[in-house]
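Input: a single structure, listed below in structure tokens.
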Amino acid sequence: WQWATQALAAETAQSETQNWVLTAILPWVYWTQQADKTRQPELKRQYKTAASVAFEALVAHPYTDQIDDLQQTRWRHWCRWMCAKYQRTSSAVEGRNGYLSQRHHVTRGFSQQSLKTLTTIHNFDLRRADGSTAAQRLFGHQFPDLFEWVLSHHTELPLPRKAAKAHQPKPLHA
């Protein structure tokens with residue numbers, strides 16, 4: 001949004017034009033482009049509804065009648081250019097879902113136990129820059145360190161499994 005306002009300020013210094021572009025024509029162009037791009041019928045319907053609401057706001061805006069067709073076309077092209085640059089964020093790159101998405105891609109799937117473990121790690125061990133965990137922010141109090149807690153609740157690690165057959169050295173193979 002900041003980039004859009006800065007780019008618009010470079011195009012025109014008139015605050016009335018800037019307000020019209022940001023509040024009237026840019027939303028209409030954006031929702032129209034989103035409706036054209038999507039393939040999901042339910043989203044397409046929602047985007048078209050949003051585009052029609054934005055178009056009604058554009059037509060009802062008092063500045064729309066004051067600007068000539070050539071300028072409207074110019075601003076429509078600018079809005080298309082600006083909307084083509086937008087990158088919508090998604091849960092595929094942020095938060096718990098982003099973390100799980102990356103882990104899922106690397107490990108090719110999760111068992112239920114590993115999914116619960118990763119959820120616990122995310123909620124109680126992963127920290128933001130301010131040092132807080134998701135559980136601390138949700139419940140409003142500190143929790144013990146996850147690693148220390150796990151160590152205090154487990155005594156000894158189990159021994160490794162024994163092979164079904166004893167390993168026979170092959171001196172000539174080496």
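Computed values, structure above
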{"read-out": "Conditions (1) surrounded by fewer than 16 Cβ atoms within 10 Å (Cβ to Cβ); (2) over 23 Å from Tyr86 (Cβ atoms): number failed by Ile67", "value": "(1)"}
{"read-out": "Any chance Glu156 is out of contact with any strand residue (DSSP E or B) (no Cβ under 8 Å at 6 or more places or on another chain) and modelled with pLDDT under 70", "value": "no"}
{"read-out": "Any pair with Cβ under 6 angstrom, 6 or more apart, that starts in the stretch 142-159 at a residue that is surrounded by 10 or more Cβ atoms within 10 Å (Cβ to Cβ) and ends at one that is at pLDDT 85 or above", "value": "Phe143/Phe124; Phe143/Ala135; Leu146/Phe124; Leu146/Asp125"}
{"read-out": "Extreme residue, farthest from Asn97 (Cα to Cα), among residues of the stretch 110-152 that are part of a loop (DSSP other than H, G, I, E, B) and small (Gly, Ala, Ser)", "value": "Gly140"}
{"read-out": "Sole residue being part of a helix (DSSP H, G or I), charged (D, E, K, R) and in contact with a Phe, Trp or Tyr (Cβ under 7 Å, 6 or more places away or on another chain), chosen from Glu42, Glu16", "value": "Glu16"}
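The values are calculated or read from the model by the stated rules, or taken from the named source; none is laboratory data. Predicted, not measured: the structure shown is a model, and the values here were computed from it. Backbone-built Cβ (ideal geometry, glycine too); neighbour counts: all protein chains shown.
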